[in-house]
Each structure stands twice: as structure tokens, then as C-alpha cells.
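Chemist: Have a look at this one.
Values in this text are rule-based calculations from the coordinates and carry no lab data. These numbers were taken from a predicted model, which means no experiment stands behind them. Virtual Cβ from ideal backbone geometry, glycine too; neighbours counted across all protein chains shown.
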Amino acid sequence: AGSIHEHGFRLNPCCSQLLWRMRGCLALPCIAGALLAPTPRVTTTLRQSQAAPERFERADDAERLAKRIETVLARRTSRLIVVLERLVDGHNYSAIFRTCEALGVQHVWVVAPPPGAARFESRSSLRRKAKAERARQYAANDANRRADDQPVRAGSRKDRRRRKAADAWTADDALDAEHAVHGRGAARFLSVRDFASHAEVIAAVRAVPRCELWCSDLGQDASVLADGAPWLRGPLPHRVALVFGTESTGVSNDLLAACDRRVYVPQHGFADSLNVGVAAALATSHVLKLVGGGGDLVEATDWVPEAPDELRSKWAGVLCRDEAQLAAIRAAAGDVAVLDDLRRAPEFRGHTGRPTKLTRRAEFRKRRALEGSSGSSSASS
């Protein structure tokens, strides 16, 4: 009635009295609607300090690195565990490690990883290395040929093998090496665990308190990761282990059979799949909104290999340049104010004209390769 009066209408006195008597009945649908309304989801939003940041990193601040460590530690979460199953391309490992580090996911578990440094090498890089090795073998064989030996006939199988081995495009080696460096750099700040089999990782997930196993899957019975999806009206787990499978076939049947839920990223095109690195970035970002988290790292247990204090010390060892700086960072750890935003100071973002460390490394590898090829050619001559 009040709103009607505000808009210039007048009610008949009898209607006003009737509405007053029915006020209890009219309120019942509102009360029922409020009781039956879906429970709002727990979502991760920007912190108030991030929405309007004031405390930024300063280049002249002696406690700059200590503040950065405390800020990252305050935003790390153990609510989400990213599980990578049988990935074979080092580019995807590097991309997912960098995504997890940037989004604040601390725990990454890997099932049946490639051995050693091959974890960060792309398949194209491995193929180029194999071609280069075959080319060196063919060159050595040709160098040992005697003058009276029959030459390799043009167009023969041997000739085709030699030309194919020599046709190795090496210009991308520096880019692959740079990508691998970034992946290894991100892994230094994460807690990475390797598992030999599906059974081991399933048992490890079941040992984590209040944790569900979710698998990325494109099957029609998978739950869509989108705001407003009906399945989100139900209760969500406190913690999620999210599995991404190999590039060719996805998550294995063993893990799909053991998982609590299958999820997928909605798509709107003819392609029915995404690169696993891209899918991991999209799905991880959305699941983090669902489970929340940030500043909830737990102490070392059976499933947590590193406590927050250990992470603080490890990160200090990675970031410092000498023992004096390391001692200063560890002395200030825990007693400095966190930053509102992690964007670096302008002094560290401007290009000085000097080549970066990655560029210098790539140039060094290129010179070493040239020196090796010239040495082998001179030896053969």
C-alpha cells in the first residue's frame, strides 16, 4: 500500500482493511520462498585490499622480498589439489605448473611422470633432438667411409634418411628451452608429489580429510563448470582433487571409475576438446571459486609434505641472491605486513636494454652448438 501511495494511487478503505487482515497469509509465500531458496555458493572473490590496492611493492624497500613471500603465503590454498595423469608433453607440464603457481594452488600431484628433465621438454623438442642425434651418427659414418666405398645413391632409402635427419628445424630450440625454464621456475614454489600408479594416487586422495576426487571428462554425464548450474545447489566438498588426463585419451578408466564427480568446461564450437594446459587453467580457476580458499595452508601431515614455515624458508632460498640477503629475509619472515597487490614495481618491469638471463642462455647454447658443429666438420676434414 505504501508503494502504491508513493506512486500517486489511492486505495479504497475496504481494500486497505482487507489487505491488513491478510498480511499474515501474504507473508507466507515470502517466508517459504526464503526457506526454499538455494544456499549461496562459497566463492573466491577479490580481497578488499586487492579491489582497491594501496600497499604495493617498492624497489627501495629493504623488506621487499620478505613482504612478497608473506603475501604469497597468505594467498596460497590447500583446498584444491591438481592431479596430472600420464601427461607426455613438457609444454603442458610447464603451462599447468605456471597456472597453479599464479592462481595460488600449492599442491600438484603427478601420476607416472616422464623421467628426469624430460618432464619439461615438448615432444617436438624431443623429436628434434632425436633427429640431430641421427644426423650426427650419419655424419660420423660418412666421415669413416673410404675413398673406394660406394657412395650413397641419390633417392635411395639411406639418402632419404640422411636428408630427413638433416631437416631438423633448430630455430625453436631456444623457445622450447625458455618454456622449460619457466616451468621449472614455477615448480620450485609448489609442493609436487609423484605417484607411480593410479592406485597410489587414489589411496592418497582418500587419505586427505574431507576431500573428493573430481575428474575432467567430456562424457555426457559430466557436470558442467558454469555459474548457475543446478548441481551447484547441493553441498560442495571442503577440498577437491581435480584430475586432468593425458593429451590423447584423457583421464584413465581407473580414475574415472573411482572419482566422486566428473566435470567439464563448457564449449560452444565444433572442436570437442581443449589443450590440456588450457582446460586446466579454465577448470582450476572455476573450481577455486567454488571451494574458496586462500591462506588456509595446513601444517605438515601425511599428505602435506611442507608446512607453511618450511615453504617460507624454501622460497627465501630461491629468491635471495646471497647469504646476507637470505639471513635478512628469514629474520623478517612473519613480522612484515603483507602487500595489497603482487604486481611488481615499475623499476623491475622496464627493459634496460640488456639481454635477459634467458636470452643469454639461449645465445650461449647456440654458440656451443655452432662450436660443436665446426669442430666435428674440421675433424672430419
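Chemist: What aspartates and glutamates does K366 reach when the alpha-carbon gap must be under 12 Å and sequence neighbours fewer than 8 apart in one chain are set aside?
Modeler: Filter leaves D172, D173.
Chemist: Follow-up question, since we're still on this one. Using only the Cα atoms of region 200-283, build the gyration tensor, take square roots of its eigenvalues as a ≥ b ≥ c, and label the shape rounded, prolate or oblate: rounded if a/c is under 1.5, else prolate if a/b is larger than b/c, else oblate.
Modeler: Verdict is oblate for region 200-283.
Chemist: With +1 assigned to the C-beta of every Lys and Arg and -1 to the C-beta of every Asp and Glu, and no other charges, what is the dipole magnitude of region 234-357 about the Cα centre in debye, to the nearest 20?
Modeler: Computed about the Cα centre, the dipole is about 500 debye.
Chemist: Hey, what did region 177-317 get for relative contact order, percent, Cα under 8 Å, at least 6 apart?
Modeler: Reported as a whole number, the value is 27 percent.
Chemist: Can you give the net charge of the other residues whose Cβ lies under 11 Å from the Cβ of L218, counting K and R as +1 and D and E as -1?
Modeler: Net local charge, L218 excluded: -2.
Chemist: Still on this model: Once both labels are modelled 7 Å past Cα along the beta-carbon direction, what's the F270-A337 spacing in nm?
Modeler: Using points 7 Å along Cα→Cβ, the separation is 5.7 nm.
Chemist: Counting only other residues whose beta carbon sits under 13 Å from that of A140, what net charge do I get with K and R as +1, D and E as -1?
Modeler: Overall, the nearby charge balance is +2.
Chemist: Show me 299-305, 262-268, 67-73 ranked by packing, highest mean number of other Cβ atoms within 10 Å first.
Modeler: Ranking the peptides 299-305, 262-268, 67-73 by packing returns 67-73, 262-268, 299-305.
Chemist: Taking amide hydrogens as modeled 1.01 Å from N in the peptide plane, which residues meet the under 5 Å criterion relative to R262, leaving out close sequence neighbours?
Modeler: Distant-sequence amide H within range of R262: C215, S223.
Chemist: Could you give each residue of region 74-83 its phi-based ³J(HN,Hα) in whole Hz, using Karplus coefficients 6.51, -1.76, 1.60 with θ = phi - 60°, and x for Gly or Pro?
Modeler: Residue by residue, region 74-83 yields 6, 10, 6, 10, 10, 6, 10, 10, 8, 10 Hz.
Chemist: Still on this structure, I have one more. Given Cβ point charges of +1 (Lys, Arg) and -1 (Asp, Glu) and nothing else, what value in debye, to the nearest 20, does the dipole of region 228-300 about its Cα centre take?
Modeler: The dipole magnitude comes to about 280 debye.
Chemist: Applying 1/(1 + (r/R0)^6) with R0 = 45 Å to the Cβ-Cβ distance of A102 and R163, what FRET efficiency is obtained, to the nearest 0.05?
Modeler: Computed FRET efficiency for A102 and R163 comes out at 0.55.
Chemist: Can you give the FRET efficiency for A74 and A369, using 1/(1 + (r/R0)^6), R0 = 51 Å, r = Cβ-Cβ distance, to the nearest 0.05?
Modeler: Plugging the Cβ-Cβ distance into 1/(1 + (r/R0)^6) gives 0.70.
Chemist: With label points built 7 Å along Cα→Cβ from the Cα atoms of R210 and F56, find their separation and express it in nm.
Modeler: 3.8 nm
Chemist: Taking R0 as 51 Å, what's the FRET efficiency between R188 and R146 from their Cβ-Cβ distance, rounded to 0.05?
Modeler: 0.45
Chemist: How charged is the neighbourhood of R193? Take every other residue with its Cβ under 12 Å from the Cβ of R193, and add Lys/Arg as +1 and Asp/Glu as -1.
Modeler: Neighbourhood net charge equals -4.
Chemist: Put +1 on the Cβ of every Lys and Arg and -1 on every Asp and Glu Cβ in region 271-327; which of N275, A307, A327 then has its Cα farthest towards the positive end of the dipole?
Modeler: Selected residue: N275.
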